[in-house]
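Student: What follows is a single structure, and I will ask about it in a moment.
The values are calculated or read from the model by the stated rules, or taken from the named source; none is laboratory data. As the structure is a computational prediction, the values presented were derived from the model and not from experiment. Cβ placement follows ideal geometry from the backbone for every residue including glycine, while neighbour counts extend to all protein chains displayed.
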Amino acid sequence: MAKAPGVIIAEGLGSCVALALYDVKHGFGGMAHVLLPASSEYKSGKTGVFSPYLYADTAIDALLKELRYQNETSLPNVVAKIIGGARMFSVYNGDSTGIGDQNILQIRNLLKRSLIPLIGEDIGGSHGRSVEFYLDSGRVVIKALEKEDREI
């Protein structure tokens, strides 16, 4: 979580998805680095430390909770942008769905269910990305090797 003029950075996105939520009225936002679409296996405590920001099915609620706690954000002020979800490994080809595609689909469905508009995206492909999220404007700059910087 950060407030303007802060910048939140996520580096090394492959199949992971950076989910940025932004309160357009107050210039406040947060970003989750989503690794996997579902947290069910990890919530049980069987494997490692659980963080809600790493899973699509828990990241949106966790970010909204922080936005409301830090800034009294109301849902109509919140917009979303997603970045990443690349198909990084050739094992996922043809009809097979890779983790990146699963992350994107889960996040889109949950944003729709939460009535949060998705106003920008830079997703898919087979290249990694890094992201800079500027809280003074809500703009997101995407950087990728051998590609021009892109802004959404």
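Student: Go through region 140-152 and report how many residues are in a loop (DSSP other than H, G, I, E, B) and in contact (Cβ under 8 Å) with a residue 60 or more places away in the chain.
Tutor: Looking only at that region, the number is 1.
Student: Would you be able to tell me the number of residues in region 109-136 that are free of Cβ contacts under 8 Å to residues at least 24 places away in the same chain and either within 15 Å of L21 (Cβ to Cβ) or in contact with a Ser or Thr (Cβ under 7 Å, 6 or more places away or on another chain) (or both)?
Tutor: The qualifying residues number 2.
Student: A follow-up question, please. Of everything in region 105-139 that's among the hydrophobic types (A, V, I, L, M, F, W, C) and in a helix (DSSP H, G or I), which residue is surrounded by the fewest Cβ atoms within 10 Å (Cβ to Cβ)?
Tutor: The selected residue is L105.
Student: To continue, here is another question. Quick one: I60 ticks every box in (1) modelled with pLDDT of 95 or more; (2) within 12 Å of the chain's Cα centre (by Cα); (3) surrounded by 17 or more Cβ atoms within 10 Å (Cβ to Cβ); (4) under 24 Å from H26 (Cα atoms) except a single one, so which number is it?
Tutor: The one condition I60 does not meet is (1).
Residue by residue, here is whether (1) acidic (D, E); (2) closer than 26 Å to L75 by Cβ; (3) in contact with a His (Cβ under 6 Å, 6 or more places away or on another chain) holds:
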residue: N103; (1), (2), (3): no, yes, no
residue: R108; (1), (2), (3): no, yes, no
residue: L111; (1), (2), (3): no, yes, no
residue: D122; (1), (2), (3): yes, yes, no
residue: S130; (1), (2), (3): no, no, no
residue: S137; (1), (2), (3): no, yes, no
residue: E146; (1), (2), (3): yes, no, no
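Student: Let me ask another. Which residues, taken from region 12-29, are of a type outside the set (A, V, I, L, M, F, W, C) and either modelled with pLDDT of 95 or more or touching a Gly at 6+ places or on another chain (Cβ under 9 Å) (or both)?
Tutor: Residues satisfying the conditions are G12, G14, S15, Y22, D23, G27, G29.
Student: So, R68, is that one surrounded by 13 or more Cβ atoms within 10 Å (Cβ to Cβ), at pLDDT below 95, among the basic types (K, R) and not in a loop (DSSP other than H, G, I, E, B) or not?
Tutor: Yes, satisfied.
Student: If you don't mind, another one. Among (1) more than 11 Å from the chain's Cα centre (by Cα); (2) at pLDDT 95 or above, which single condition is A32 missing?
Tutor: Status for A32: all satisfied but (1).
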